[in-house]
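Peer 1: Mind looking over this structure? Questions follow.
What follows draws every value from the coordinates through simple rules; no lab data is involved. Model, not experiment: these values are computed from the prediction. Cβ placement follows ideal geometry from the backbone for every residue including glycine, while neighbour counts extend to all protein chains displayed.
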Amino acid sequence: MSDASSQPIVACYCSTFLAAEMHHVYRQITGLKEFQPMVLTKKRLHEESFPFPDDRLTVLPRPPAWKREWRRFQSRRLKDAPPRLYDNEISHIDKLLRKSKANVLHIYFGNSALQLLPLLEQADRPCPIVVSFHGADAGVDMEKPAWREAMAKVFEKADAVLARSEALVGDLESLGCPAEKLTIQRAGIPLNEWPKMERAAPIDGAWRFVQSGRLIEKKGYDTTLRAFARFREVHPQARLVILGEGPLMEPLRKLANDLDIYNAVTFSGFVEQARIRSEYGWAHAFLHPSRTAGDGNREGVPNAMLEAMATGLPVLATEHGGIPEAVTDGREGFLADENDWEAFAVAMHDLAASEAVWKRMGLAARAKIEAKFERSQQIADLEDVYRKVMGG
């Protein structure tokens with residue numbers, strides 16, 4: 001690592017720094033070696049989980065609540081177009097970038113880039129701009145002409161565009177992003193924080209499955225519950241642990257009750273990383289039957305799935321988004337079609353049918369993370385992009 005005082009500066013714009021599930025963004029920003037990060041944000045959350053030096057973090061002033069509400073109303077009801085930051089907000093960010101002598105601005109998430117479009121369109125920009133996409137930001141609202149037109153301008157003005165998976169690269173190209181601007185920038189998993197864990201095969205069919213993430217439509221929790229109910233017909237001692245919270249908590253609790261598996265399912269709500277590691281250590285397989293949600297929300301490569309694989313958990317998931325780039329059917333786990341809970345149940349039975357297959361898949365899962373998703377290599381690739389847009 002070079003001397004911090006001589007390092008070029010990358011300004012990281014995160015509208016919220018940071019939502020509870022955004023550990024992958026935090027690791028990326030704080031893992032930089034050859035660049036010094038600073039953070040620009042409109043809202044600071046979870047400071048204990050995501051500590052960051054105060055002298056390198058700026059909470060941007062926000063318009064009064066009525067003005068923000070009026071912006072949302074204009075966007076959704078009057079214009080049916082993406083909201084943009086007001087001129088004084090853009091001017092403030094511009095001045096901060098110039099004062100700090102930022103060498104690169106990295107905008108996290110495509111929807112934030114739409115809000116910052118006036119800054120991207122400036123003829124005299126303070127520095128090169130990189131925009132990273134993670135999944136939902138390449139799908140939600142993209143069926144609307146005004147959103148697609150605005151996103152095309154983001155692609156035109158950005159110096160580089162990052163995507164978390166090959167599948168997401170394809171999505172962005174279909175929206176009009178030039179291939180020469182696109183780079184795959186995968187989530188980086190710190191292997192020291194997610195070590196390989198030793199597990200014993202379950203006794204008397206007492207398989208323990210775990211799924212972790214926001215309780216939202218694209219995560220496919222209803223598929224998980226239906227498949228688990230079918231699995232328990234043969235393995236009545238099996239257990240399922242669901243880690244996370246979200247708007248579907250009560251509907252999923254009701255579904256578990258309707259399926260007569262409520263006593264075999266634990267809804268843990270939001271838990272800290274240490275608890276997640278413990279749950280992964282007790283589990284025998286990780287479940288993630290992702291789907292494309294009704295609003296177009298899709299996965300990149302689920303971060304929780306990668307962390308589980310790092311500990312040596314086989315994965316049961318779906319042919320969705322970037323998941324097949326981490327899980328090859330029959331190697332690190334089994335894949336089923338989206339929404340096909342019966343096929344997902346078959347995959348659960350197939351995994352439980354052979355201890356040798358279960359062990360082999362767990363070893364392959366860890367090896368895949370070491371080879372393709374290790375944090376330091378992903379950080380090095382990201383810094384290469386920064387140097388490229390700086391012209392060096």
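Peer 1: List, in order, the whole-Hz ³J(HN,Hα) value for each residue of the range 223-234 obtained from phi through the Karplus relation with A = 6.51, B = -1.76, C = 1.60 and θ = phi - 60°; use x for Gly and Pro.
Peer 2: 4, 4, 5, 5, 5, 5, 4, 5, 4, 5, 5, 9
Peer 1: Let me ask something else about it. Pairing the Cα long axis of helix 249-258 with the longest principal axis of the chain, what angle in degrees results, from 0 to 90 and rounded to the nearest 10?
Peer 2: Its long axis makes an angle of about 20 degrees.
Peer 1: Can you list residues whose amide H is under 5 Å from Arg208's amide H, if they're 5+ apart or on another chain and H is modeled 1.01 Å from N?
Peer 2: The answer is Arg239, His284, Ala285.
Peer 1: Determine Rg/Rh for the chain; Rg is computed over alpha-carbon atoms and Rh is the Kirkwood hydrodynamic estimate from the same atoms.
Peer 2: 0.99
Peer 1: Distance from a point 7 Å along Cα→Cβ of Glu156 to each backbone N in the range 94-125: keep the residues under 15 Å and list them by number.
Peer 2: 114, 117-123
Peer 1: Working out 0.36 nm times the residue gap between Ser174 and Asp337, then minus their Cα-Cα distance, what length gain in nm do you get to one decimal? If you can, show how the numbers build up before the last one.
Peer 2: On the way: separation 163, 0.36 × 163 = 58.68 nm, distance 2.25 nm.
In short, 56.4 nm is gained.
Peer 1: What value, in deg cm²/dmol to 500, does the helix sum -39500 (n - 2.57) over DSSP H runs of n ≥ 4 give at 222 nm once divided by the residues of the chain?
Peer 2: Value at 222 nm, helices only, nearest 500: -11500 deg cm²/dmol.
Peer 1: Restricting to Cα pairs below 8 Å that are 6+ residues apart, what does the relative contact order work out to for the range 208-372? Please round to a whole percent.
Peer 2: Reported as a whole number, the value is 24 percent.
Peer 1: For Glu233 paired with Ser376, estimate the spin-label separation in nm (one decimal), with each label point 7 Å from Cα along the Cα-to-Cβ line.
Peer 2: Label-label distance for Glu233 and Ser376, simple model: 5.0 nm.
Peer 1: Relative contact order for the chain: what is it in percent, counting Cα pairs under 8 Å that are at least 6 residues apart?
Peer 2: Relative contact order comes out at 16 percent.
Peer 1: Would you mind counting up the charge near Gly294? Only other residues with Cβ under 10 Å from its Cβ, with Lys and Arg at +1 and Asp and Glu at -1.
Peer 2: 0
Peer 1: Taking R0 as 30 Å, what FRET efficiency do you get between Lys196 and Asp260 from their Cβ-Cβ distance, rounded to the nearest 0.05?
Peer 2: In this case the efficiency is close to 0.25.
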